[in-house]
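> After the structure tokens below, expect a handful of questions from me.
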Ligand SMILES: *Cc1c(COP(=O)(O)O)cnc(C)c1O
């Protein structure tokens, strides 16, 4: 039977992830699924949530603001995974619980300023660049200093690392890139290594991912091409 709804796709992905995790010697359930919902309507997100999705990711601030009116997804953690423009920091900090894409000092400082006065600090991950095709992300060498800066800022809580794998058919290239992300994660610390997408998550799990970011695997093919981070 083809998987046709976000709820069915989520349930199937959860089961496959648990099997893969067990085969890799990881604890079942220890790896979280972030549902990446760019271009998916709120109804589709709600459907996946009824099937157990607890974390939703968005790339585009404007899309997220229109899609999720206040109170539209109770109990769901909202993650920003797009490029952080400093002039949008205030809006990002108020629309999201987690920012996975802190890739430079200015973005960290702008978010810290924007998060001041929140009930709880804003959780952030460092975005680390492990692929030559990626425009954004701190290099692995820059990540340690960036981690120090983030740790020194009030209102931010550093929880780990996010990285986008290279687009290639060569599994060795993917594995080396994922290993580089894992090394940075071990140095930086925190609980979350956000690694792996619909096409490469099993290798990311083998590399130590604690959160995969699944878009098409849950919400189906997207309407447009070239829709990774703007
Ligand atoms: C779009 C996107 C994803 C999800 O991509 P899929 O291949 O559809 O799973 C994950 N992470 C980031 C940063 C993205 O931009």
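Bear in mind these aren't lab numbers, they're just calculated from the coordinates by the rules spelled out. Fair warning: this is a prediction, and the values are worked out from it, not measured in the lab. Every residue, glycine as well, gets a Cβ built from its backbone with ideal geometry; the counts of neighbours run over all protein chains shown.
> Label residue 90 and residue 42 with points 7 Å out from Cα along Cα→Cβ: what is the distance between them in nm?
Placing both labels 7 Å beyond Cα along the Cβ direction yields 2.4 nm.
> Now for a separate question. Starting from the Cα gyration tensor of region 49-168, take the square roots of the eigenvalues, sort them a ≥ b ≥ c, and report rounded, prolate or oblate (rounded when a/c is under 1.5, otherwise prolate if a/b is larger than b/c, else oblate).
Judged from the Cα gyration tensor, region 49-168 comes out oblate (a/c at least 1.5, b/c at or above a/b).
> Can you pull the Rg over Rh of the chain, Cα-only, Kirkwood?
0.94
> When the Kirkwood hydrodynamic radius is evaluated over all pairs of different C-alpha atoms of region 78-120, what value in angstrom, to one decimal, is obtained?
10.1 Å
> Sticking with this structure for a sec: With equal scatterers on the alpha carbons only and no solvent term, can you work out the Debye log10 of I(q)/I(0) for region 17-65 at 0.28 1/Å?
Each listed q corresponds, in turn, to -0.99.
> Given R₀ = 35 Å, what would the calculated FRET efficiency be for residue 22 paired with residue 97, taking r from the Cβ atoms and rounding to 0.05?
0.75
> A further question on this structure: If the chain between residue 173 and residue 12 were fully stretched, how many nm would it gain, using 0.36 nm times the residue separation less the Cα-Cα distance?
55.2 nm
> Pairwise over distinct Cα atoms, reciprocal of the mean inverse distance: report the Kirkwood radius of region 145-209 in Å, one decimal place.
Taking the inverse mean of 1/r over all distinct Cα pairs, region 145-209 comes out at 12.4 Å.
> From the square roots a ≥ b ≥ c of the eigenvalues of the alpha-carbon gyration tensor of region 111-165, which class results: rounded (a/c under 1.5), prolate (a/b over b/c), or oblate?
Judged from the Cα gyration tensor, region 111-165 comes out prolate (a/c at least 1.5, a/b above b/c).
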